[in-house]
Every structure is written in structure tokens, then in C-alpha cells.
Number of protein chains: 2
Amino acid sequence: MPFLTSDPAVSLDGFIAGPGQDLEHPLGIGGEGLHRWHWEQTEENAAEIEAICSAGAYIMGRNMFGPDRGEWDLTWKGWWGDDPPYHAPVYVLTHYERDPVEMQGGTTFHFVTGGPEEALRLATDAAGDGHISIAGGASTINQYLRAGHIDELRLHVAPIVLGSGEALFRDLGGLSFEVASSRSTSLVTHVTLRRTRG
Amino acid sequence: MPFLTSDPAVSLDGFIAGPGQDLEHPLGIGGEGLHRWHWEQTEENAAEIEAICSAGAYIMGRNMFGPDRGEWDLTWKGWWGDDPPYHAPVYVLTHYERDPVEMQGGTTFHFVTGGPEEALRLATDAAGDGHISIAGGASTINQYLRAGHIDELRLHVAPIVLGSGEALFRDLGGLSFEVASSRSTSLVTHVTLRRTRG
């Protein structure tokens, strides 16, 4: 079995995006506060940032890949420019078929219409000895958590309250973990959780 | 100005009690999981447990003091037996007057009908050089957070999802802190937050 991780940045009240997401506010109102540690304390958080981008393959939801819906706009190649930070195959869950898009630096976006289990099979084949990271968004991570697939949930907890938005743990009452480690800077607490078994 | 702290145990999704609180389930369904670190890892968490009970005075809501509502049942003297863990004055917010109740070990319960600001004035006079701890429950801590009174919020984050219940941060969207420190054992991540000013 592959080893699955996920690295959501989350508020104190469990949201990974604020309310009112749109093109101008892709993270919702206040949601950019979830990522200040990443941009303002890059050096201090270098180890965690590197770990986020160390997987052998990634899975993400279509809404994380881009804002368009329905039939593909083939000019859209993700938010990340010509050289995305993944440097590995990325499996994008979608209901609309599309040919793979090869970017610079080793990132290739593959579009999977067979559902999350199919994406997991493809990512497992591609990852080799590497682990698989569920990149987001909320509903995609939520789905793999619900299925019991995520071995290590590495929360990056920003010390802010969003009040509403995309809830990472929606309808997951009863789920429990054990804490493997934690570390903080002034803008984030990194908490590594492992799924409790049995 | 007095220094205010609060030490809520909270789930990953921000609840300090589960759904369905009643006499049989004072912490709601699943809520006892928030406190496993306290009872099962007492030694490992001795520093944090001691800090919780180090205030010069405490403030709590009536619903934390006991299950009865309306006119007082004078035989009820709290959940904690003859020698409660506070060893200091405890100001209980209520709409019903009652004479102070002196317990063993230095704990005296005072009943305050003048509201949270009045309780804060009384606790400040009583605490001397000590700090004041807002003991709970959720709505009492929430109220003092909203008023901007809590200087240090010491979250004890249990690695569980409750899904619903008493939300610590209800209607507090926009609140932000900085992380002063964190530390974990397998059953809890202790996160000390300080209110950001200005």
C-alpha cells in the first residue's frame, strides 16, 4: 500500500478557505491569512515547505487546479505558471476528459474521470517508492480522510479564526488521530497526526 | 490591568464539548476524548495541568458550575467535591443571587449577577499579583475573547474530530493571534496563543 500524506493549512476553527471564494478571493475572505507563514517566514518554515513538495505523486480536485467548470478551457494550465512546484505527476479529479498537460520541471497534470480510487491507483503506480500527497482542496482531502486512506495528516494551523468557509473535517465526527509531533513559529503550528488504527 | 488566560481543551474542528450534552454526558457525545491527555498522560502533561490551576482567581459560567438552572439548589456545590482544584476565589456568572460557598483548600465560589465586566472587576481585586483564568464553558470564554480581554489563550488541542457541539470560536471570524509556543504528546498539542495588538 502507498503511504498517503496531506498538508492542509487550516484555521483554528478548522477551515481551509474563508467564505466568499471567487476569482478575486481564491482562498475566500481572510483565507490568505492561512498561508502567511509560508510567504512571510519561508526560511523558518523551510523544512515543512520542502516536505510538502517531496511526494512522488499528487492528487487534487479540479477546483484546486483552476476556476473554470464544465468543458475544459485548454489554455488553463493551473495557477502555478510554467514550472509548478510539484515536479511529479499530478492527478486531477474531474468529470471532463482532457489529455495530459506536461509542464516544465517534471510536473505533468493528468486528468482522471474514474473517481478518487482510480486516481489513487494511478498515483500509486506513478509514485514508485515515493509517497502520495493529497494536495486539496477541502472536499478532496475530506473524501480521502473519510475513506481512511490518509496515513499522515500534517496540519499547518494558522492562529486565526475564519468563522466560516470550507471546513476540512465536515461530517467527519468520530475521526481520531494520534499526535506524532508539533512545532511552531509565530504564524503557524505544524502538527503531524497519524491515523489511529483498530 | 490584570493578565487573563484561558485553557480550553478543544477538538481539531474547534469544539470544546460534543453534541447532546446532558447529565449523563456533561461533555457531550465524544467530548470526554478532549481530556484523555489529562487523565491518561498526567505525568507527561504535568506542567500544563499545573499551569491551568495556578491562577489567582477564576471566572466561570453557571453551566460549567453545575447542571441546575433557575433558582439555586443550595445543596449543589460544583462538580469537584469538597476540595476543588482551584484553591482560589471562583466567580460564577449567574442571573440568580446566592451567598458565597466556601470549600476546603482555599476555593470559594462567589456568585456574580452583574455580568462579565463585574466578574472581571471582582476577580481583579481578588487575584492580587496573580493572573485571572477564564475557566469555561464555551460561551463564557467566547464572551471574553469577543471583548478582547484574553491575553493568553492556551489551547489544548485533542487529535479528534467532534463534528458538532459547543464551538469555542462561534461568531469570532477575523480574530487573530500569534503563536507563542507549542508542545505535544500523543494525545494533545498544547498551543499558547497571544492576542495580536493594533
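When DSSP beta bridges are limited to those with both residues in the protein assembly as shown, what percentage is antiparallel, rounded to the nearest 5?
Here the antiparallel bridges make up roughly 50 percent for the protein assembly as shown.
Order of A:196, A:75 from fewest to most other C-beta atoms within 10 Å?
A:75, A:196
If you restrict to DSSP beta bridges whose two residues both lie in segment A:51-198, what percentage is antiparallel, to the nearest 5?
Roughly 55 percent of the beta bridges in segment A:51-198 run antiparallel, per DSSP.
Is the shape of segment B:26-124 rounded, prolate or oblate, going by the alpha carbon gyration tensor and its root eigenvalues a ≥ b ≥ c, with a/c under 1.5 for rounded and a/b larger than b/c for prolate?
Prolate.
Among rounded, prolate and oblate, which fits segment B:1-79 when a ≥ b ≥ c are the square roots of the eigenvalues of its C-alpha gyration tensor, a/c under 1.5 means rounded, and a/b larger than b/c means prolate?
It is oblate, given that a/c is not under 1.5 and a/b is not larger than b/c.
Please arrange A:134, A:52 by counting, for each residue, the other beta carbons lying within 10 Å of its beta carbon, fewest first.
In order of increasing Cβ crowding within 10 Å: A:52, A:134.
Return a whole-number percent for the relative contact order of chain A, with Cα pairs under 8 Å and 6 or more residues apart as the contact set.
This gives 32 percent for chain A.
Count the net charge of all other residues whose Cβ sits under 12 Å from the Cβ of residue A:13, scoring Lys and Arg as +1 and Asp and Glu as -1.
-2
Could you put B:161, A:112 in order, starting from the residue whose Cβ has the fewest other Cβ atoms within 10 Å?
Exposure proxy ranking, most exposed first: A:112, B:161.
Can you give the local net charge around residue A:185? Use residues other than it whose beta-carbon is closer than 12 angstrom to its beta-carbon, Lys and Arg +1, Asp and Glu -1.
-3
Can you tally the net charge around residue A:51? Count Lys and Arg as +1, Asp and Glu as -1, for every other residue whose Cβ sits under 9 Å from the Cβ of residue A:51.
So the environment of residue A:51 carries a net charge of -2.
Looking only at Cα atoms, what is the convex hull volume of the protein assembly as shown per residue, in Å³?
155
So, in Å, what gap is there between the alpha-carbon centers of segment B:43-113 and segment A:1-70?
Segment B:43-113 and segment A:1-70 have Cα centres separated by 42 Å.
Coordinate-derived values only; no laboratory data. Just so it is clear, the structure is predicted and the values come from calculations on it, not from any experiment. FYI the Cβ positions are ideal-geometry reconstructions off the backbone, even for glycines, and counts take in every protein chain you see.
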